[in-house]
Each structure stands twice: as structure tokens, then as C-alpha cells.
Amino acid sequence: MKRYALPFLMLAVVASAANASSSINWKKGYAAAAAESKNSGKLIMIDFYTDWCGWCKKLDADTYPAPEVVKQADSFVSIKLNAEKDADGIRLARKFAVTGFPTILFLDAHENLAYKVVGYSAPKEFAASMAKAATIRQDSAKYKTALTANPNDFDGLVGMAGIEASMGNVDTAAGYLDKVPKSVTGPKLGKLLDAYNAVGDGYQNSNKFDKAIGYFTKAISPNFPAQAAYARISIAVCYGQSGRLVQAKPYLQALLKMNNAPKEYSDQAKGMMQAIDSQGKK
């Protein structure tokens, strides 16, 4: 799951970002990366950045050097493109409507989008996204086969919802979830909540905040603290991004009252509460 950036949180982040070299084998030039992708069959991992992007610097400093991320990078042809200065960076950013940074796209050699990550992710989260991207073509084929055999196949529906959401086809993703029975329990419910969060992410990335909040709200369940914590922090960010800071606070407070919330989300909620409170004092 990805982290979100808010304007009033940026100062706390940029100060800790530093230039760091990673062990990822970043290719020089998009043409060379596309040629290698065509020959190897690997997806191209494109990191779109800008010179002014603090979260991009934090991604370089904290995430890319992490061993689990470097290991996953072997599955891709990796390249960094400045979305404002590199000719291919400008062209591809326009083609795929990249407006927030960092954005990481996974494309095949024919520039078909396979997977998309928007915003800063911590190493563990980003490595998990890379693992999904590495198998997304096979997973998509598997889910489509399952749905051909049974249009109501649970794993097929939630699996395709997650894939379509990650590619930016959020309405299509939501359509898959509309077909899932609402009486799901046990481990299946956890998968469904993950899919709700994925669709919420997709709508949030498209600045459709109210739709995003609706899906994040569906992902709040007392029996699944990780999904509930992520949903609450995401709802708070949606309210923050749309200028409704007062409405963000109850979700942050609810997250902080959870006894079993993942620490990363609790820490983020504390930071956001402090930032909101400091804004209120100005």
C-alpha cells in the first residue's frame, strides 16, 4: 500500500530526504530500456520524478536502496525519467496522464500499461507492489480464465478489480466489485477489503475524493485492522486534499484509538494530526 503526500506535511519530509545511490541498475535512455524489454520480455519500470519533488528524493533515499526493493528490481528494466526535462519523460507523462510525483509506471515494450504506483511508498510496501507488477500479466490471464468459466468467481472478481484499479481503470474495477456478494466472511473478506482500498486508491489518484471515501469506508472492519487503518488514513488524506481538514480529524482519532493498527499508519496519523493542529493555530 502506498503512502500519501499532503502539502502541509511536505516540510517534515523534505528535510529528511537525501541524495543516495541505489543498487538498482538504472538504464540510460528510454530507447535502450524499451529495446531490452522487448528482448527480455521484462516490464519497464519507469520512475517519473521532478527536480522539486521532495517525495521523489525520499524515495531515492529510503526505498530504492532497500535490499528487498533491489532484489525485486531484477524482474524489470528500470529507468528514471524527469517528467519536465526529458523528452521521453514529458511524452510518456502526457500519454499516461502523470500529474503527481513520484509516479512509477510498469509498461511493456509496446507501451501498454501493466501497473501503476502513485506517491511515495516505504520499502516493504514498494517491494510488494513490484512483486504484484512482476506477475500481473499472468494473474490477469488467470483471473479472466476463472471468470470465463464462472462469471461470479470470487477470486476472479476481486483479483480483476485490483488489477484494473492499479491500471487506472477505476470504474471498471468498481464494476467487478459490484458483482461480489456482500455476505463474504473469513479470509475472503480480507481480500474484498483490500480490493475496496485499491479502488479507493484509484479514485483518489483521479481526484474523485468522495467516490474514494465511499470505497475506503467499505474497507473498515474491526476484524481486519490493517485494512481498517489504511482506509482511515486514506479517508483523512482525501478530506485533507479536498480542503476539508476538520472532517479528516475523526478518522485520524479513530485510527489512533485502535490497539492493533500497524505502527506505520499510527505514526502517519500522529504526524497528520500535528500538522492539522498547527495549521489551526495560524
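Some points to look at:
- Computed over the alpha-carbon atoms, segment 28-176 gives an Rg to Rh ratio of 0.98, Rh here being the Kirkwood radius from the mean inverse distance.
- Its relative contact order, with pairs defined as Cα atoms under 8 Å and 6+ residues apart, puts the chain at 14 percent.
- Under the Karplus curve 6.51 cos²θ - 1.76 cosθ + 1.60, θ = phi - 60°, whole-Hz ³J(HN,Hα) for segment 143-148, x wherever Gly or Pro sits: 5, 5, 4, 5, 6, 5
- Any cysteine of the chain lacking a neighbouring Cys Cβ under 4.7 Å - listed by number: CYS238
- Phi angles across segment 252-268 convert, under the Karplus curve 6.51 cos²θ - 1.76 cosθ + 1.60 with θ = phi - 60°, into 3J(HN,Hα) values of 5, 5, 5, 5, 5, 7, 5, 7, 10, 6, x, 4, 4, 7, 5, 4, 5 Hz, Gly and Pro given as x.
- Residue-averaged [θ]222 nm for the chain, counting only DSSP H segments that reach four residues, each worth -39500 (n - 2.57): -18500 deg cm²/dmol
- Lysine pairs in segment 186-265 whose alpha-carbon atoms fall under 23 angstrom of each other, counting only those eight or more residues apart or on distinct chains, come to 12.
- The lysines whose alpha-carbon is closer than 18 Å to the alpha-carbon of LYS71, local same-chain residues fewer than 8 away aside, are LYS27, LYS42, LYS80, LYS124, LYS132.
- Think of each Lys and Arg Cβ as +1 and each Asp and Glu Cβ as -1; about the Cα centre, that makes the dipole of segment 153-244 roughly 300 debye.
- Quotient of C-alpha Rg and 2.2 N^0.38 Å, computed over segment 67-133: 1.11
- Gyration tensor (Cα) of segment 159-282, equivalent ellipsoid semi-axes in angstrom: 26, 17, 10
- Å² per residue, accessible surface of the chain at 1.4 Å: 47 Å²
- Computed over the alpha carbons of the chain, Rg followed by Dmax gives 18.8, 60 Å.
- Taking the Cα centre of the chain as reference, the dipole from Cβ charges on Lys and Arg (+1) and Asp and Glu (-1) amounts to some 460 debye.
- Taken as Cα centroids, segment 114-147 and segment 242-256 sit 29 Å apart, rounded to the nearest whole angstrom.
- Lys/Arg +1, Asp/Glu -1 at C-beta; the chain dipole; positive extreme among PRO222, ASN112, SER278: SER278
The values are calculated or read from the model by the stated rules, or taken from the named source; none is laboratory data. None of these values were measured; they are calculated from a predicted model. Here Cβ is always computed from backbone atoms with ideal geometry, including for glycine, and neighbour counts include all displayed protein chains. All accessible areas refer to the heavy atoms of the entire protein, side chains included, with ligands and DNA or RNA removed. Shrake-Rupley method; radii C 1.70, N 1.55, O 1.52, S 1.80 Å.
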